[in-house]
Each structure stands twice: as structure tokens, then as C-alpha cells.
Amino acid sequence: MVDTQHGPLAGFTVGVTAARRAEELGALLQRRGAAVVQGPALRIVPLANDSELLSATKELIDEPPHIVVATTAIGFRGWVEAADGWGLGESLLARLGDTELLARGPKAKGAIRAAGLTEEWSPSSDSMAEVLDRLLEQGVEGRRIAVQLHGEPLPGFVEALRAGGAQVVGVPVYRWLPPEDLGPLDRLLDLTVARGLDAVTFTSAPAAASLFSRAEERGMLDELLRALDRDVLAACVGPVTALPLQARGIKTVAPERFRLGPLVQLLCCELPARARALPIAGRRVEIRGHAVLVDGELRPVPPAGMSLLRTLAARPGWVVSRADLLRALPGSGTDEHAVETAMTRLRTALGAPKLIQTVVKRGYRLALDPGSDAKYADG
């Protein structure tokens, strides 16, 4: 039974690639016990002086749309503020007040109302799929629809509207660019490849694409793909975000509701389910990313100790030689004394020395309880 005072994510390390709302996501994860590594894969660049946004704004004022779709709060606010800066704020708000305004979710709805406008409709989730379904059900033939873009493509959304006969005007309010400081992203990459993370979260498709691009620049793409494919869980806020990962053959998980809270709740289920739990020396031992639960008590373990424990747990109950354990140690040399030193520290960290047995002249093994079938399970 897990020691609930530590939270369901205790002992796990989660990477965050988000730029926008990164602190909020990190805080949600930490409150549930996770260690968090921030590595923003992007930065948001407002387009207040961008000719594309100015051109789209003037076009919509001169030739009003039937429908305007607001996709993000920050984007909608940025659009209105940019228009104010050009002296077009009042004209834009007047034009928007005469159109059918749709908001993708509660935050976009809040931004619309803060501008003194009222939305016609908003889905209960942040799903663009629901917005698209509503538009297509109503029929879009011959209708002029403005879509406030939010720095990333909307695969299938614009195409489906155009296929239905709509004239679509994109409103590019801000763009994603690589981060100015690549240090945190590189650290996240290094940890992912080294299996120092248990999961990496993605809240936008461009963040995933940027992570792959940076890995390719550093000659680490193949290693990254192997890590995400086998050992590090890729958790996405929704199916659109998952597309760049799935295109490279990476399996992803996503919550049914495309929001940060459900994403964190999903990790609270997925990561503990992936942890290895074994009955050892009369205790329940659950091996997590950087810690071990011994009868529900959280015991942090140094990286070298975790490497040894995972190697032993891959063949529970079987003797593992010092030579094999030495190869498992980070930066392993040739002196098997390093295994003894790391093993002493591991036993101390676990607080239960009898969990690991020394087999004289042969090596070490986990003291698997008699009758357990874990010894014969796949490691």
C-alpha cells in the first residue's frame, strides 16, 4: 500500500516541455509527489508588429466573417491588444460583436468576455474536435470563418472546413520559436536518453517537433526515440499534440479531456502501474524511478543503487554476478569493489539490508519470497 502522504507520483521524475503554463503543470505534478524537470522546447513570440496579423485584421474589418473561432485566451487577448496598438481596436471589437463567436474552452471564453464580447457557444472541454463537429453539423457552405491560430497547425480542422465549402481566414497571433536558452532543453534531452526521466509531458505539437529537432542537431535522435519507445512514457495533453510523436512510431497516452488536470491524473495512474512490485524478504517492494517503496514507505535511492536494483529485479531471485552488476553501474570501470560500495549504500538507502542477499564468490540476489512466481516472469 502506497504511503499516501507522499502522493501517487512519489519516486517518479517527469519532464515538462511546455513553455506556456509550464509552472502550473509543474506545480500540479509536484503536489502529487513527482520530481519535475523543466525543459521548455519553445518560446512564444507575439506578433504585434507582424504584417500577417495586421493584414488579417484589416481584411476581417473590411470584409466581416460570419463566424470567428477563438482558440486560446492568450492569443485572443494578444490579437485585441495588437489591434489597439495599430489604432484598430474599436473597429475590431465592433466587427467581432456582430459575428458568431465560438470559444475553444473556458479560458478562451473568459478572454472574449473580458473584451466586452459574448460568445455564442463553447464546448465543455478544450477540444477543437467538438468545435469542428458543431460547425459541420450547422453547415459551413459559403460561410466565411476566421480562426485565431495559436502558434501551431490545426491538422484537419481548416481542411475540413474548406472541404465543407467554407472560406477560412487564419489569424496568426503568435508563433513558437526555439528557446533562447537551450540549456534546460538539453538537460531534459540528456536525462531522457539516460532514462533519468519516467515520463515526458507534451502540451503542444510544436514542442514535440522541437524536441526531435534539437535531438537531431545533437546527434541524439535515434537514442531519444529508443528511450521514448521503451522506457520513458510520452504523455500528451491530446491527440493533436501526439501527432509528431506517433509519426515517429512512439506510443503515447492522452487523457479523455484535453486539459492539464486530467493529464496529471493520467500520469498518477500510468506511472505507478508501470512500476515493478515484488515480494521480497516478507516485504512489498515497488521500484520507481528514483526511489523505492518498501511496505509503502518512500526510500530515495542514489542513481548507482537504482542501477543495481533494476539489474537484480530483472531476474528476481536469481544470482547476478559482480561483473554483470559492474556493467550496470553508470560510468562503470573495471574495479568490482565499486559494486560492493554501491551495494552497501543501496542497502542503507532501502533501510532493510535483508532484501538483498550476498552469495559468496558468486554475486548478489534479491531475497524473493518462497512461492512467488516473479522469479520466472519476464524481467
> Could you sort Arg365, Arg257 by accessible area so the largest value comes first, with the probe set to 1.4 Å?
Replying inline: Arg257, Arg365
> For the chain, with only Lys/Arg (+1) and Asp/Glu (-1) charged at the beta-carbon, what is the dipole magnitude about the Cα centre, in debye rounded to 20?
Replying inline: 1860
>> Rounded to the nearest percent, how much of the accessible area of the chain (1.4 Å probe, protein heavy atoms only) is carbon and sulfur?
In response: 49
>> Let me test this: with uniform point scatterers at the alpha carbons of the stretch 19-171, what is the Debye-based log₁₀ I(q)/I(0) at q = 0.11, 0.12 1/Å?
In response: -0.46, -0.55
> If you find the alpha carbon centre of the stretch 7-44 and of the stretch 199-277, how far apart are they in angstrom?
Replying inline: 13
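As an exercise, use a Förster radius of 51 Å and the Cβ-Cβ distance of Trp86 and Arg248 to find the FRET efficiency, rounded to the nearest 0.05. List each step's numbers first, then the result.
Details: r = 41 Å, r/R0 = 0.80.
Calculated value: 0.80.
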> Taking every DSSP beta bridge that has both residues in the chain, what percent is antiparallel when rounded to the nearest 5?
Replying inline: 45
> Got a sec? Charge dipole of the chain, +1 on Cβ for Lys and Arg, -1 for Asp and Glu; which of Gly116, Gly97, Leu245 is way out at the positive end?
Replying inline: Leu245
> How large is the dipole of the stretch 101-255 about the Cα centre if only Lys and Arg carry +1 and Asp and Glu carry -1, each at its Cβ, rounded to the nearest 20 debye?
Replying inline: 300
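Using helices alone, I'd like the mean residue ellipticity at 222 nm for the chain: each DSSP H run of four-plus residues gives -39500 (n - 2.57), total over residue count, nearest 500.
Rounded to the nearest 500, it is -13000 deg cm²/dmol.
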> Among Leu278, Val14, Phe157, which residue has its Cα positioned farthest towards the positive end of the charge dipole of the chain, with +1 placed on the Cβ of Lys and Arg, -1 on the Cβ of Asp and Glu, and the dipole taken about the Cα centre?
Replying inline: Leu278
> So if we plug the beta-carbon distance of Arg162 and His6 into 1/(1 + (r/R0)^6) with R0 = 51 Å, what FRET efficiency do we get, rounded to 0.05?
Replying inline: 0.50
> Short version: ³J(HN,Hα) in whole Hz for each residue of the stretch 202-209, in order, from phi by Karplus 6.51 cos²θ - 1.76 cosθ + 1.60 (θ = phi - 60°), x for Gly and Pro, what are they?
Replying inline: 10, 10, 7, 4, x, 5, 5, 4
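What does the charge dipole of the stretch 1-134 about its Cα centre add up to, to the nearest 20 debye, if the Cβ of each Lys and Arg holds +1 and the Cβ of each Asp and Glu holds -1?
Value, rounded to 20: 640 debye.
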> With r defined as the distance between the Cβ atoms of Leu93 and Arg134 and R0 fixed at 22 Å, what FRET efficiency is calculated, to the nearest 0.05?
Replying inline: 0.40
> Per the Debye formula with a single identical scatterer at each Cα and no solvent contribution, what log10 I(q)/I(0) holds for the stretch 230-285 at q = 0.13, 0.22, 0.25, 0.31 Å⁻¹?
Replying inline: -0.42, -0.84, -0.98, -1.21
>> Leaving out ligands and nucleic acids, and using a 1.4 Å probe, what accessible area per residue does the chain come to in Å²?
In response: 46
> How far is it, in nm, from the label point at Asp222 to the one at Arg310 when both lie 7 Å from their Cα along the line to the Cβ?
Replying inline: 2.1
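What is the ratio of the Cα radius of gyration of the stretch 274-340 to 2.2 N^0.38 Å, with N the residue count, to two decimals?
1.14
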>> For a test of understanding, tell me how many lysine pairs in the chain have Cα atoms under 26 Å apart, given they are 8 or more places apart or on different chains.
In response: 4
> Can you give me the pair-distance distribution of the stretch 79-144, C-alpha pairs, 10 Å bins, whole percents?
Replying inline: 20, 45, 30, 5
> When the solvent-accessible surface of protein heavy atoms is calculated with a 1.4 angstrom probe, in what order do Ile44, Ile280 fall, highest first?
Replying inline: Ile44, Ile280
>> Rolling a 1.4 angstrom probe over the protein chains, ignoring ligands and nucleic acids, what is the accessible area of Asp335 in square angstrom, nearest 10?
In response: 90
> What percent does the relative contact order of the chain come to when contacts are Cα pairs within less than 8 Å and at least six residues apart?
Replying inline: 16
>> Tell me the angle of helix 73-85 to the major Cα principal axis of the chain, expressed in degrees between 0 and 90 and rounded to the nearest ten.
In response: 40
> Looking at the square roots a ≥ b ≥ c of the eigenvalues of the Cα gyration tensor of the chain, which shape do they give, rounded for a/c under 1.5, prolate if a/b is larger than b/c, or oblate?
Replying inline: prolate
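The values are calculated or read from the model by the stated rules, or taken from the named source; none is laboratory data. Since the structure is predicted, the reported quantities are computational estimates derived from the model, not experimental observations. Every residue, glycine as well, gets a Cβ built from its backbone with ideal geometry; the counts of neighbours run over all protein chains shown. Accessible surface is based on the protein model in full, side chains and every heavy atom, while ligands, DNA and RNA are left aside. Shrake-Rupley method; radii C 1.70, N 1.55, O 1.52, S 1.80 Å.
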